[in-house]
Amino acid sequence: MKDILIMGIESSCDETSVSIVKNGREVLSNVINSQIKIHEEYGGVVPEIASRCHTEVINIIMKQALEKAQITLENIDAIAVTQGPGLVGALLVGVSYAKGLSYAINKPLVAVNHIEGHIAGNYLTYKDLKPPFICLIISGGHTHLVNVKSYNDFEILGKTKDDAIGEAFDKVARVVGLGYPGGPKVDNLAKNGKPNIKLPVTHFENLDFSFSGIKTAVINLNHKNPNINKADLCASFQTAVTEMLTTNVRKAVKLYNSNKIVIAGGVSRNSFIRKSFDDLAKELKIKVYYPEPILCTDNAAMIASAGYYNFINGERADLTLNAIPNLKIGD
Ligand code: KG4
Ligand code: ZN
C-alpha cells in the first residue's frame with residue numbers, strides 16, 4: 001500500500017506547529033514555535049498577541065517542517081488543520097493558512113478536532129495502540145473522560161463542571177508566585193513537599209469532574225497564611241486533583257470492563273499524576289499509556305495523526321471551513 005503523508009497544522013492557542021506524519025503513526029517532522037516567553041510577562045495567554053504571532057511565523061514553520069521531513073509540498077497527500085476548540089483568532093490563522101495552501105497546491109483539506117488530536121498523540125507513541133479504549137484528556141483547556149470506540153467514534157463519559165485541570169494548575173502556580181505556565185512549576189515544587197493539607201475533593205454520582213473548589217481552597221489558604229509552606233501546598237493540590245482523576249477512571253474502567261487506560265493532554269506530563277496512574281494500573285491489572293512528553297502539549301504531529309484517520313475515513317473539508325472555538329469532541 002502507498003504511504004500516506006499528512007501535513008498537520010496547529011494554532012489553537014500559543015503554539016504554532018506544523019508536522020509531517022506518515023501513515024498516521026510515524027513523525028517525520030514536528031516543528032513547534034512556542035510563544036510561552038512572550039505571554040509569560042502577562043501571566044497568561046493574550047489572545048490577540050497569540051494570533052499575531054501565529055500569522056508572523058506560520059509560513060516559516062511550514063517550510064521547516066518540510067525541510068526536516070526531507071519532502072516537498074508535492075509529496076503530501078492532504079493538509080489537516082485544527083478547527084477547534086481553542087482561541088478563535090488563533091484558530092483562524094491556521095484554518096485560513098491551511099485553506100490557502102490547500103487551494104494553491106490542490107491537495108485535500110481535512111478538519112481536526114483539537115481534543116481528538118490530543119488522543120492521537122498516543123498513536124504516535126505506541127504504534128500498536130488501537131481503539132477501543134477509555135481516554136482521559138487533561139489539558140489547559142479541557143478535562144474529558146472519553147470512550148474511544150474507534151478512530152472516529154467518541155462518546156463523552158464525563159467532563160469538568162467548571163475549570164479545566166490545567167487552568168487550575170496555572171492559577172495555583174500564579175497565586176503561590178511560580179509564574180506562567182504553572183503546571184510544570186507546581187509539578188517540580190511539589191516534589192519537595194508533603195501532601196499534608198486537607199483540600200475539598202467533590203465526588204459526583206456520574207463521571208464528571210470539578211476543580212474550582214480545590215483551586216479556591218488553595219487560594220484562600222495562601223491568602224490567609226502567606227507563610228504557608230508552598231511545596232506542601234502544591235503537593236496537597238496535586239494529590240487532591242489526582243484523587244478526583246483516579247476515582248473517575250477507576251469507575252469508568254469497571255463500568256466499561258476496560259483493560260487499558262490512555263491519558264492525553266498537557267497535564268499528562270505531570271510526574272505525580274503519571275506515578276498515580278501507574279499505581280492504579282497495577283492495582284486494576286490494566287495497562288496505562290501516556291504520550292511522550294513533547295506529544296502531550298500542543299503540537300501538529302497529533303493533529304496530523306488524527307487527520308490521517310479522518311482522511312482515510314473519507315472526511316474532507318472545503319474552502320468554506322471555519323474555526324469553531326467551542327467545537328465539541330465527536331462533532
Ligand atoms: O495540552 P496543552 O498544551 O494545551 C491545551 O490544549 O489546553 O496543555 C497545556 C497545559 C497548561 O495548563 C500547563 O500548565 C499544563 O498543560 N502542563 C502541566 C505540566 N506540563 C504542562 N500541568 C501539570 N504538570 C506538568 N508537568
Ligand atoms: Zn491542547
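The values are calculated or read from the model by the stated rules, or taken from the named source; none is laboratory data. Computed from a prediction, not measured in an experiment: that's the story for all the values here. Every residue, glycine among them, receives a Cβ derived from its backbone with ideal geometry; neighbour counts consider all protein chains shown.
Filter the stretch 196-216 for residues that are part of a helix (DSSP H, G or I) and either buried (at least 19 other Cβ atoms within 10 Å of the Cβ) or on the phi > 0 side of the Ramachandran plot (or both) and give the result. Quick ask: steps written out before the conclusion?
Kept after step one, since they are part of a helix (DSSP H, G or I), are these residues of the stretch 196-216: 212-216.
Across the stretch 196-216, the qualifying residues are Ile214, Lys215.
Which residue out of Lys159, Lys149 is basic (Lys, Arg), at pLDDT 95 or above and either in contact with a Gly (Cβ under 6 Å, 6 or more places away or on another chain) or under 27 Å from Val45 (Cα atoms) (or both)?
Values: Lys149 fails: either in contact with a Gly (Cβ under 6 Å, 6 or more places away or on another chain) or under 27 Å from Val45 (Cα atoms) (or both).
So the residue among Lys159, Lys149 that is basic (Lys, Arg), at pLDDT 95 or above and either in contact with a Gly (Cβ under 6 Å, 6 or more places away or on another chain) or under 27 Å from Val45 (Cα atoms) (or both) is Lys159.
Here's the yes/no breakdown for (1) away from ligand 2 (no atom under 13 Å from the Cβ); (2) outside the structural domain of Cys13 (by TED's automatic domain parsing); (3) of a type in the set (Ser, Thr, Tyr); (4) touching a Ser or Thr at 6+ places or on another chain (Cβ under 8 Å):
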position	(1), (2), (3), (4)
Ala252	yes, yes, no, yes
Ile263	yes, yes, no, no
Leu280	yes, yes, no, yes
Ala304	yes, no, no, yes
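Having 3 or more residues that are closer than 21 Å to Ala323 by Cα is the bar; report the strands (runs of 3 or more DSSP E) wholly within the stretch 88-195 that clear it. Don't jump to the end; show me each part of the working.
Working: elements: 109-113, 133-138, 143-150, 153-159.
The strands (runs of 3 or more DSSP E) meeting that bar are 109-113.
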- prompt: List pairs: first in the stretch 248-266 and under 30 Å from Tyr180 (Cα atoms), second of a type in the set (Ser, Thr, Tyr) and assigned to a strand (DSSP E or B), Cβ under 7 Å, 6+ apart or cross-chain?
  reply: Val262/Tyr289; Ile263/Tyr289
- request: Test Ala323 against the criterion of being within 16 Å of ligand 2 (Cβ to nearest atom), more than 21 Å from Pro184 (Cα to Cα) and in the same structural domain as Ser12 (by TED's automatic domain parsing), and give yes or no.
  value: no
- prompt: Hey, any hits in the stretch 315-326 for a residue that's outside any helix (DSSP H, G or I) and crowded, with 19+ Cβ neighbours inside 10 Å?
  reply: yes
message: If Leu319 meets every condition in (1) in contact with a helix residue (DSSP H, G or I) (Cβ under 9 Å, 6 or more places away or on another chain); (2) within 16 Å of ligand 1 (Cβ to nearest atom) apart from one, which number is that one?
response: (2)
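Look at the stretch 262-292 and say how many of its residues are assigned to a loop (DSSP other than H, G, I, E, B), over 16 Å from the mean Cα position of the chain (by Cα) and at negative phi. Let's see the steps before the verdict.
Pass one, the stretch 262-292, residues assigned to a loop (DSSP other than H, G, I, E, B): 265, 270, 285-286, 290-292.
Within this subset, residues satisfying the condition of being over 16 Å from the mean Cα position of the chain (by Cα) are 285-286.
Filter once more, keeping what is at negative phi: 286.
Qualifying residue count for the region: 1.
When the stretch 87-125 is examined, which residues are found to be of a type in the set (Gly, Ala, Ser) and more than 15 Å from ligand 1 (Cβ to nearest atom)? If you could, list the steps in order and put the result at the bottom.
Just the residues of the stretch 87-125 that are of a type in the set (Gly, Ala, Ser), to begin with: 89-90, 94, 96, 98, 100, 102, 104, 111, 117, 120-121.
Passing the criteria: Gly89, Ser96, Ala98, Gly100, Ser102, Ala104, Ala111.
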- prompt: Do we have Gly43 as away from ligand 2 (no atom under 16 Å from the Cβ) and of a type outside the set (Ser, Thr, Tyr) here?
  reply: yes
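What residue, among those in the stretch 110-129 that are closer than 16 Å to Gly8 by Cα and not hydrophobic (A, V, I, L, M, F, W, C), is nearest to the chain's Cα centre (by Cα)?
We begin by selecting, within the stretch 110-129, every residue closer than 16 Å to Gly8 by Cα; these are 110-124.
Those still in the list that are not hydrophobic (A, V, I, L, M, F, W, C) too: 113-114, 116-118, 121-123.
On the way: Asn113: 11, His114: 8, Glu116: 9, Gly117: 8, His118: 5, Gly121: 9, Asn122: 11, Tyr123: 14 Å.
This residue is His118.
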- line: Taking the stretch 34-84 and the residues there that are among the hydroxyl-bearing types (Ser, Thr, Tyr) and out of contact with any strand residue (DSSP E or B) (no Cβ under 8 Å at 6 or more places or on another chain), the one that is farthest from Ala173 (Cα to Cα) would be Thr72
query: Can you name the residue in the stretch 126-141 that is farther than 21 Å from Glu26 by Cβ and away from ligand 1 (no atom under 16 Å from the Cβ) and is also surrounded by the most Cβ atoms within 10 Å (Cβ to Cβ) among such residues?
result: Ile134
